[in-house]
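Let me begin by presenting the structure, written as structure tokens, before commenting on it.
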Amino acid sequence: MNKKGTGYFFQDFYFFGKKVACPLFCSAILLILSFPNFEISLLAWFALVPLFFVIKTSSPVRAFIFSYLTGAIFFAGTLYWLTYVTKLGYPVLILYLSLFFGLFGLLSSIFFRKFENSRLSFLLCVIIPSLWVFVEFLRGWLFTGFPWGLLGYSQYKNPLLIQIADITGAYGVSFIIVMVNFVLFSCLSGFLKKENKRAFVLQATIFCIILGLYIGYGAFSLKKSETDTNLRLAVAQGSIEQFKKWDPAYRDYVLDRYETLTKEAAEGGVDLVVWPETAMPGFIDECDIQIRLLKVMKEANAPLFSGAVTYKSEKGKDCFFNSAILFSPDGTIRRQYDKIHLVPFGEYIPFESEIPFFRSVIDKEIGNYTKGEEFTIFEITKENERPYKYAALICFEDIFPELTRRFAMEGADFLINITNDAWFRESSEQFQHAQASVFRAVENRTSVIRAANNGFSCYISPKGIIEDSIYNKNTGNIYKEGSKTFNIKVEKNRSFYTSYGDIFVCACFAFLILCYFIDFCLPRI
């Protein structure tokens, strides 16, 4: 470590023979602090500035390495809760996800070099954010995708700043954050040389116009009214420990708890009772479970919507599904949704038929579920009112924008995310997961009700505002058994994002290609 510098974080060190400033690691730390549990969302708006300084002065290969390291630190700090379920999967996932940070650094370095002396240098304030959007989208799509911890998610508690998602998806918020970071970097570094005043003015103009439209649209959207449906949904959060969920010795214990919570929540009348993912401590055709369910629904005088493991025989083979089931008050099954997007290395092993030994070398038990095929829509009716449609998102399905959008396209008026985040104990995972639900609400202008086994059970309005949740009134702790009734709101019109999907991502990619080739036709400054 070189002793020169201006403080501990700004000392220099050598890596691969290259002197690099420690602010490289400041970017990772600031990003970690922007997300739960810290949630200092303001930091995200300048967290990438140190990284830009390093990328600007590095070759593409070194920019890849340094950006990869930044990503590794960031994901290690935010995904630490994975160690509660898999010690091996934690480092493997970090090594993989960091590749996308590295790719961003590589591409940014290439564009920096290409446009630094170009007449289009002022467009870098749009090009670099477009690169980030493109790479984030790739992360959420390749190999079934893992769009967790998108940069825009850091603003999930700032309603004004996330309304643009109903046009651009969460990627639009990421775009604005990166643009602000880049303009700050540009000003601090003098990237646009003083003699090139025209480029500086153009960059400032573009920045002000985009930022103004962004803030203006947010304020306009928040003023729109929502329709109260008069629907009352009761959510029961069992807070059942993982080792008890499937232990036959605790079956009555589990059912007793959900029966008590349902009674509490149903007081005053409800239109639907919601239990979390795999709330049933057995298969629904087992006699004792059927008897208890009938008792619960009779006392609540309402249909039950619950997660359960189901099975059926297909071609002589027993297939198991992670399902959401709607029961009538008389105990009959109205409709069933089977989870479409399964968790790789959690609910199934990819390419297991081609690599049969894979299961034996993994450090945890892995399910053998079959994925569903139908985008099932449920209905709930209230006397003298039109039926309202809703869809289920099981476990982490709510982190996938396109999957959620498909349900909205099928006519869902609101969404219910049933999940079991108790796998990850009392950690930041529960809040990081809820961030995705907030953005799915805004993107499709639909309410989202989250029913979790152990937090974070809450109601999110179509504007992405967490209006109510289950928590201990004395401590504020969300990790507790409890119940609550939520009143549901809807918006009448389908959002732009629901209608057209990730067209913003396509526009960013097209813009990158266009700028790259136009630059060939322009002389250097």
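For segment 295-313, the condition of being in a strand (DSSP E or B) and more than 30 Å from the chain's Cα centre (by Cα) holds for at least one residue.
The rows are residues; the columns are (1) surrounded by fewer than 13 Cβ atoms within 10 Å (Cβ to Cβ); (2) under 26 Å from L403 (Cβ atoms); (3) of a type in the set (S, T, N, Q); (4) modelled with pLDDT of 95 or more.
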{"position": "C319", "(1), (2), (3), (4)": "no, yes, no, no"}
{"position": "P344", "(1), (2), (3), (4)": "no, yes, no, no"}
{"position": "Y348", "(1), (2), (3), (4)": "no, yes, no, no"}
{"position": "F351", "(1), (2), (3), (4)": "yes, yes, no, no"}
{"position": "F357", "(1), (2), (3), (4)": "yes, no, no, no"}
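For D338, are the conditions met, namely being open to solvent by 20 Å² or more (accessible area, probe 1.4 Å), of a type outside the set (A, V, I, L, M) and either without any contact (Cβ under 8 Å) to a residue 24 or more places away in the chain or out of contact with any Phe, Trp or Tyr (no Cβ under 8 Å at 6 or more places or on another chain) (or both)? Spell out how you get there, then give the answer.
Details: open to solvent by 20 Å² or more (accessible area, probe 1.4 Å): yes; of a type outside the set (A, V, I, L, M): yes; either without any contact (Cβ under 8 Å) to a residue 24 or more places away in the chain or out of contact with any Phe, Trp or Tyr (no Cβ under 8 Å at 6 or more places or on another chain) (or both): no.
Answer is no for this residue.
Only one of these is of a type outside the set (A, V, I, L, M), under 23 Å from R62 (Cβ atoms) and buried (at least 23 other Cβ atoms within 10 Å of the Cβ): S109, S189, S154. Name it.
Details: S189 fails: buried (at least 23 other Cβ atoms within 10 Å of the Cβ); S154 fails: under 23 Å from R62 (Cβ atoms).
After ruling out the rest, the residue left standing is S109.
Cβ-Cβ contacts under 6 Å between residues 6 or more apart (or on different chains), taken from a first residue in segment 274-295 that is under 21 Å from Y390 (Cα atoms) to a second residue that is part of a loop (DSSP other than H, G, I, E, B) and open to solvent by less than 60 Å² (accessible area, probe 1.4 Å), are listed as P276/N420; P276/N453; E277/N420; T278/N420. Residue by residue through segment 45-93, note down the ones that are touching a residue at least 60 places away in the same chain (Cβ under 8 Å) and within 13 Å of F112 (Cβ to Cβ). Selection gives F52, F53, K56.
Every residue, every condition in (1) exposed (fewer than 15 other Cβ atoms within 10 Å of the Cβ); (2) of a type in the set (G, A, S); (3) modelled with pLDDT under 95, yes or no:
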position	(1), (2), (3)
N196	no, no, yes
G212	yes, yes, no
S221	no, yes, no
Q237	no, no, no
P248	yes, no, yes
K263	no, no, yes
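Residues are listed down the side, and each one gets a yes or a no for (1) part of a loop (DSSP other than H, G, I, E, B); (2) surrounded by 21 or more Cβ atoms within 10 Å (Cβ to Cβ); (3) not hydroxyl-bearing (S, T, Y):
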residue: S437; (1), (2), (3): no, yes, no
residue: A451; (1), (2), (3): no, yes, yes
residue: F456; (1), (2), (3): yes, yes, yes
residue: Y459; (1), (2), (3): no, yes, no
residue: N472; (1), (2), (3): yes, no, yes
residue: T485; (1), (2), (3): no, no, no
residue: R494; (1), (2), (3): yes, no, yes
residue: Y497; (1), (2), (3): no, yes, no
residue: A507; (1), (2), (3): no, no, yes
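Exactly one residue among E226, E259 is touching a Pro at 6+ places or on another chain (Cβ under 7 Å) and either closer than 24 Å to Y388 by Cβ or buried (at least 16 other Cβ atoms within 10 Å of the Cβ) (or both), and that residue is E226. Looking only at segment 403-448, residues that are under 24 Å from I380 (Cα atoms) and charged (D, E, K, R) come to 7 in all.
The values are calculated or read from the model by the stated rules, or taken from the named source; none is laboratory data. From a predicted model like this one, the values you see are computed outputs, not experimental measurements. Glycine also receives a Cβ, built like all others from the backbone with ideal geometry; neighbour counts cover every protein chain displayed. The accessibility values were calculated without ligands, DNA or RNA, using every heavy atom of the protein model including side chains. Shrake-Rupley method; radii C 1.70, N 1.55, O 1.52, S 1.80 Å.
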